[in-house]
Amino acid sequence: MPTIRLLLDECTDPEFARQLRTREYDAIHVEEVNRKGLSDAEQVAFAFEQGRAIATYNAKDYQPIHTRMMMAGQEHAGIIISEDYKTRVGAYLRDLCYTLEQQTQRNGGGTEWIRNQMVFVHRAPQ
């Protein structure tokens, strides 16, 4: 099954992107592509250009961006919001992968389902 391409926001630990790659996700962190410090709107635009959903803890800023874009008829490649996992790499990976896999199955496979969607990460069953 194809996996969603991800751009991890600077509020997340860069280790998350490295660990996601070991699970065969195409994931990059904003630090790895010299985008640290740019505005959230610029990150969403870059993610869209790259065909990547953006993963962040920053619901406060990204929810309004999503709403404005949808009201304006603009597209994005997906916004994935989670709680702040700090450095709990294992928990973040488990919950993010679980959420993406569940949503992909519910939406018939593939990766297009996340386009223009805002998804909240759910805890995986233990």
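The values are calculated or read from the model by the stated rules, or taken from the named source; none is laboratory data. Keep in mind it's a predicted model, so treat the numbers as computed, not measured. Here the Cβ is made from the backbone with ideal geometry for all residues, glycine too, and neighbour counts use every protein chain on show.
Pairs needed: first member in segment 97-119, more than 20 Å from residue 59 (Cβ to Cβ); second member anywhere, of a type in the set (Ser, Thr, Tyr) and assigned to a helix (DSSP H, G or I); C-beta distance under 7 Å; at least 6 residues apart or different chains.
Every condition considered, the pairs that remain are 113/104.
Given the criteria assigned to a helix (DSSP H, G or I), in contact with a strand residue (DSSP E or B) (Cβ under 8 Å, 6 or more places away or on another chain) and of a type in the set (Ser, Thr, Tyr), does residue 99 qualify?
When the stated conditions are applied, residue 99 passes them.
Could we say that residue 88 is out of contact with any Lys or Arg (no Cβ under 6 Å at 6 or more places or on another chain) and over 21 Å from residue 126 (Cα atoms) here?
no
Would you check which residues across segment 82-126 are touching a helix residue (DSSP H, G or I) at 6+ places or on another chain (Cβ under 8 Å) and hydroxyl-bearing (Ser, Thr, Tyr) and list them?
Correct list: 82, 85, 87, 92, 104, 111.
Residues being surrounded by 15 or more Cβ atoms within 10 Å (Cβ to Cβ) and small (Gly, Ala, Ser): count how many of those fall in segment 92-126.
Qualifying residue count for the region: 1.
Please go through segment 77-96 and give me each residue that is over 10 Å from the mean Cα position of the chain (by Cα) and assigned to a helix (DSSP H, G or I), ordered by number.
Once the filter is applied, which keeps residues that are over 10 Å from the mean Cα position of the chain (by Cα) and assigned to a helix (DSSP H, G or I), segment 77-96 yields 89, 90, 91, 92, 93, 94, 95.
Quick check on my filter: what residues within segment 21-39 are at pLDDT 95 or above, within 13 Å of the chain's Cα centre (by Cα) and of a type outside the set (Val, Ile, Thr)?
Within segment 21-39, 26, 27, 29 meet the criteria.
Can you pull out every residue in segment 13-63 that is among the hydrophobic types (A, V, I, L, M, F, W, C) and under 20 Å from residue 93 (Cβ atoms)?
Correct list: 16, 17, 20, 27, 28, 30, 47, 53, 54, 55, 59.
I'm trying to understand the selection: among the residues of segment 65-76, which are under 14 Å from residue 55 (Cβ atoms) and either under 11 Å from the mean Cα position of the chain (by Cα) or part of a loop (DSSP other than H, G, I, E, B) (or both)?
76
May I ask you to list the residues in segment 28-65 that are without any contact (Cβ under 8 Å) to a residue 24 or more places away in the chain, touching a Leu at 6+ places or on another chain (Cβ under 6 Å) and over 13 Å from residue 10 (Cα atoms)?
none
Please go through segment 12-46 and give me each residue that is surrounded by 14 or more Cβ atoms within 10 Å (Cβ to Cβ), assigned to a loop (DSSP other than H, G, I, E, B) and not charged (D, E, K, R), ordered by number.
12, 25
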